[in-house]
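Okay, structure first, notes after.
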Amino acid sequence: IIFISMIFNQLGCFLGFITENRIRLLSYILIIWLFYLFIYDLILIYFVPSIHSSDVFLFSIFYFLSPINTMRYFLNVKLNVFDMDSFSLMFDHVTFHSPTLILFLNLLFYLGISYGLGLLALKKGGFKE
């Protein structure tokens, strides 16, 4: 819960810097939640039939860019829902063997991007009132 709240809190802070009123901020937040909960997975499902065995690693990178997918994978592995030893070799190419590393890389990516873009927005436009 802390991981997800840190990422979306930082995204909310960034959106707060670039928006001028609260209604627009609320609509941006709802669009982001809708995107990460539904649309991102639908986009990935659309591309699944065209993925070859050489492109599986690249697809898994895009799959784990979603903080919700990363958190789901981390919890499934740590709670022993997925036993990593019983899966096939193809599954070894799809997943990474360190869900903690994926979790922290995802955290650094989203916090770094949001914080950096927020600082740029603050530097260029100042506080919006």
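Quick note: the coordinates plus some simple rules give every number you see, no bench work behind them. Owing to the predicted nature of the structure, the values given are computational and were not obtained by experimental measurement. Here the Cβ positions follow ideal geometry from the backbone for every residue, glycine too, while neighbour counts run over all protein chains shown.
Here are the numbers for this structure:
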quantity	calculated
Residue-span extension gain [Leu30 to Ile1] - 0.36 nm each, minus C-alpha spacing	8.6 nm
Highest average packing first - 105-111, 19-25, 46-52, Cβ atoms within 10 Å	105-111, 19-25, 46-52
Extension reserve of the Asn76-Phe47 stretch, reckoned as 0.36 nm per residue once the Cα distance is removed	8.1 nm
